[in-house]
Every structure is written in structure tokens, then in C-alpha cells.
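The values are calculated or read from the model by the stated rules, or taken from the named source; none is laboratory data. The model shown is predicted, which means the values in this text are computed figures rather than measured ones. Every residue, glycine as well, gets a Cβ built from its backbone with ideal geometry; the counts of neighbours run over all protein chains shown.
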Amino acid sequence: MSSCCSGGTCEKSDARASGENACPRCGAVGKLVGDETILSILKPGHAERLLAVERRFCRTPSCAVLYYGANGRVVEKDAASVRVGLKETEDPVPLCYCFEFTRAHVRQEVAETGDSTISDRIDAEIRAGRCACERKNPSGACCLGDVRSAVKEAKAALVAAGRP
Ligand SMILES: [Zn+2]
């Protein structure tokens, strides 16, 4: 289904470090998102003003901007119909939108078993062609990188708590 996920590598290097591509609020350069993503993620009425322009997803956790357009238009995270996991600290923090895994799932599994099989389970679903990242994930991209970071964080928290 999604070509971004089928290869297992989802990072596209489309971000050029120029002021034009940077989030007007935090200055970070986000990734381009397609029409399909903003139309499915944003509540009615919010996507239209971004449709005509190139627009990007801001990944900065502390920045309230969700999408910003080349013309300086921004849409904040409260315009999304889902919780934007990357910008939330309170549970539930969604990680995988296609198969509904959250940060709490990862933490629980790591606490119980010392590791997580969630990224492998997601990988298997992707191989079976059942992911729909471009419609379900606010970033419009595959979640596996975010899931792996969450696993790393959860393991580090265990070590910090003296339970390696
Ligand atoms: Zn930003």
C-alpha cells in the first residue's frame, strides 16, 4: 500500500535547510505531507487553506504548530481530529495510528519482558499491506521510527530505575 513503509526505511531527505521550509514558530524544517494526510487528519474546514500550497509537518514536541505552508499559513495541533503523539506528554500518546499502539503499550511490554515486539508486529502488518500511514498518521509517514525511539526510551527508563 504505502511505498514509504514497504522498504523499511521511511526517512525521506526532502528537507532543505532554508528559511522557506522552516516552521515559522520553532524554526525546525519539517517533512512534506500530501493532500490525503491533511484531509484525513484535520477537522473539517482546516485543510482547505493548506491545500493550495506546499505544506510540512512540524515534529518539534514543544511547538503547537502541526502543519505549516509555504505561504506562512499554520494549523495548530488542536485542529487535528486525533491526538498528535509527538506533541503529547500525557497518556494516551499514540505511536502507531494504523494498528493503534500507544506509548503505554510499549512501556508495559518493556516493563514486563525487558523488550518490545511491537515494532516487529507492526512490520509484519506493513508487509501484509495493511498500513495506511498517509491517511492515519498526522506525520503522513511510517511510525516505525517513532515506535523504536519509544522502545529505547522505555528501556532507558528501566535502567534508570535500576531494573536493567
Ligand atoms: Zn514548529
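Pull up segment 80-117, narrow it to residues that are polar (S, T, N, Q) and surrounded by 14 or more Cβ atoms within 10 Å (Cβ to Cβ), then point me to the one that is farthest from VAL65 (Cα to Cα). So the residue we want is SER116.
When residues in segment 40-82 are screened for being charged (D, E, K, R) and away from the ligand (no atom under 11 Å from the Cβ), 7 of them pass.
Any idea which residue in segment 21-36 is farthest from the ligand (Cβ to nearest atom), counting only those that are outside any loop (DSSP other than H, G, I, E, B) and touching a strand residue (DSSP E or B) at 6+ places or on another chain (Cβ under 8 Å)? Ranking the candidates gives LEU32 first. Pairs meeting the criteria (first residue in segment 59-88 and closer than 19 Å to PHE101 by Cβ and of a type in the set (D, E, K, R), second residue part of a strand (DSSP E or B) and away from the ligand (no atom under 13 Å from the Cβ), beta carbons under 6 Å, at least 6 apart or on different chains) are ARG83/PRO94. Being assigned by TED's automatic domain parsing to the domain that holds PRO24 and at pLDDT below 95 is a condition met by no residue of segment 125-135. Among the residues of segment 147-161, not a single one is touching a helix residue (DSSP H, G or I) at 6+ places or on another chain (Cβ under 9 Å), modelled with pLDDT of 95 or more and not in a helix (DSSP H, G or I).
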